[in-house]
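Okay, so here's the structure we're looking at.
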Amino acid sequence: MKIAGSRVLVTGGGSGIGRFLAERLEAESAEVWVLEADAARCTELREASGGRINAYTCDVTDPATVDATLQAIFDTGFEPDVLINNAGIIHSEPLVNMLSRGERVHSRESWRRVMSADLDSVFFVTSRVVDRLLAKRRKGVVISISSISANGNPGQSAYSAAKAGVNALTRTWAKELGGLGLRFAAIAPGFIDTPSTRAALSEAAVTRLQQQIPLRRLGDLESIYLAARHVIENDYLTGTVLEVDGGLVI
Ligand code: NAP
């Protein structure tokens, strides 16, 4: 599929990876729509793009809100060719915190919150978008932003499980819907230099990490765009999880 003229829906497009993908794809002449939890970020994104990116306030963890927002978008005449499931939260917490004087076990609330933001959201949005594509007999591509933590990352039970679920859904849907002209892929970033990564890691942790990464640096946002572009343009690619991590998981 050609990027120029394609219609792309990006979840969590208000900041970080999602924002970069939305702006980069728009610059390549895609028509871009964003679903974003934060209303102020939606306004800011619309203004920063000179009105060329449409941003809708939508919490993608809430199925009723997702359904209503997508219907409102479809009613404008927008028919997506590409969905990028990017919205998510990064969360680290040990299964049992042996140093805690209070509750030692991983919070059930944070488990549910992460599964909801990182896995339920992918299911809610993709199922509606795929239904629309099938109803309109259109071809399409779904890209989900996973993580190398899907391989199992100590201290990230919920996040690793959610992202492994994203990879499983990608492969399942590739097999289930490939015959109907739909393609699915996941992009699994390593450590990308975004505000959320900087918020999660101390400077010392970043320095230690860079020594472990074969390419000796955090990833840049352009590397994720190049992976997304490859998925969109290569019509024989489906069911793949592309690791973009500077070699960290080798
Ligand atoms: P980010 O800067 O925090 O951006 C995430 C965006 O998603 C934010 O704009 C956030 O809005 C939005 N969002 C979160 N929950 C949402 C919800 N329920 N409904 C709608 N929008 C929601 O994070 P990022 O680093 O760009 O990460 C983006 C994706 O890449 C995530 O799925 C993350 O797991 C994945 N990833 C990132 C890295 C990395 O190194 N950065 C590595 C591996 C994977 P609010 O801030 O308003 O909530």
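The values are calculated or read from the model by the stated rules, or taken from the named source; none is laboratory data. Bear in mind the structure is a predicted one, so any value in this text is a computation, not a measurement. Reconstructed Cβ throughout: ideal geometry from the backbone, glycine too, with neighbour counts over all protein chains shown. The protein model used for the area step is the full one, side chains on, heavy atoms only, and it has no ligands, DNA or RNA in it. Shrake-Rupley method; radii C 1.70, N 1.55, O 1.52, S 1.80 Å.
Looking at Gly14, Gly5, just one residue is without any contact (Cβ under 8 Å) to a residue 40 or more places away in the chain, part of a loop (DSSP other than H, G, I, E, B), open to solvent by less than 60 Å² (accessible area, probe 1.4 Å) and of a type outside the set (Asp, Glu), and that residue is Gly5. Within the range 191-250, the set of residues being without any contact (Cβ under 8 Å) to a residue 40 or more places away in the chain, outside any helix (DSSP H, G or I) and not aliphatic (A, V, I, L, M) comprises Asp193, Ser202, Pro214, Arg216, Arg217, Gly219, Asp220, Asn234, Tyr236, Gly247. Checking each residue of the range 165-172 against the condition of being surrounded by 22 or more Cβ atoms within 10 Å (Cβ to Cβ), within 11 Å of the ligand (Cβ to nearest atom) and at negative phi gives at least one match. With respect to the numbered conditions (1) part of a helix (DSSP H, G or I); (2) modelled with pLDDT under 95, which one is the sole condition not fulfilled by Ala158? Just one mismatch for Ala158, condition (2). If the condition is being more than 9 Å from the ligand (Cβ to nearest atom) and touching a strand residue (DSSP E or B) at 6+ places or on another chain (Cβ under 7 Å), then the range 42-60 contributes Cys42, Leu45, Arg46, Ile53, Asn54, Ala55, Tyr56. A Cβ distance below 8 Å, combined with a sequence gap of six or more or placement on separate chains, defines the contacts here; from the range 139-159, residues that are touching a residue at least 24 places away in the same chain (Cβ under 8 Å) and more than 17 Å from Ile17 (Cβ to Cβ) reach residues that are of a type outside the set (D, E, K, R) and near the ligand (Cβ under 10 Å from one of its atoms) in the pairs Gln156/His91; Gln156/Ser149; Ala158/His91; Ala158/Val114. Note on the range 41-55: residues that are open to solvent by 70 Å² or more (accessible area, probe 1.4 Å) and part of a loop (DSSP other than H, G, I, E, B) amount to 1.
The set of residues in the range 82-100 that are hydrophobic (A, V, I, L, M, F, W, C), more than 30 Å from Gly5 (Cα to Cα) and assigned to a loop (DSSP other than H, G, I, E, B) comprises Ile89, Ile90, Leu95, Met98, Leu99.
Just give me the residues in the range 56-81 being touching a residue at least 24 places away in the same chain (Cβ under 8 Å), part of a helix (DSSP H, G or I) and surrounded by fewer than 17 Cβ atoms within 10 Å (Cβ to Cβ), in sequence order. Of everything in the range 56-81, those that are touching a residue at least 24 places away in the same chain (Cβ under 8 Å), part of a helix (DSSP H, G or I) and surrounded by fewer than 17 Cβ atoms within 10 Å (Cβ to Cβ) turn out to be Pro63, Asp67, Phe74. Among the residues of the range 187-233, those that are basic (Lys, Arg) and either within 13 Å of the ligand (Cβ to nearest atom) or surrounded by 13 or more Cβ atoms within 10 Å (Cβ to Cβ) (or both) comprise Arg198, Arg217, Arg229.
With respect to (1) open to solvent by less than 40 Å² (accessible area, probe 1.4 Å); (2) within 16 Å of the ligand (Cβ to nearest atom); (3) closer than 30 Å to Lys136 by Cβ, the lone exception for Phe123 is condition (1).
Check the range 26-40 and report whether any residue there is more than 14 Å from the ligand (Cβ to nearest atom), assigned to a helix (DSSP H, G or I), within 25 Å of Tyr236 (Cα to Cα) and in contact with a Lys or Arg (Cβ under 8 Å, 6 or more places away or on another chain). Within the range 26-40 (the criterion being more than 14 Å from the ligand (Cβ to nearest atom), assigned to a helix (DSSP H, G or I), within 25 Å of Tyr236 (Cα to Cα) and in contact with a Lys or Arg (Cβ under 8 Å, 6 or more places away or on another chain)), the answer is yes, since at least one residue qualifies.
Restricting Glu47, Glu23 to those that are over 30 Å from Gly152 (Cβ atoms) and without any contact (Cβ under 8 Å) to a residue 24 or more places away in the chain reduces the list to Glu47. Filtering Thr172, Thr207 for residues that are at pLDDT 95 or above, more than 22 Å from Glu93 (Cβ to Cβ) and within 18 Å of the chain's Cα centre (by Cα) leaves a single hit, Thr172.
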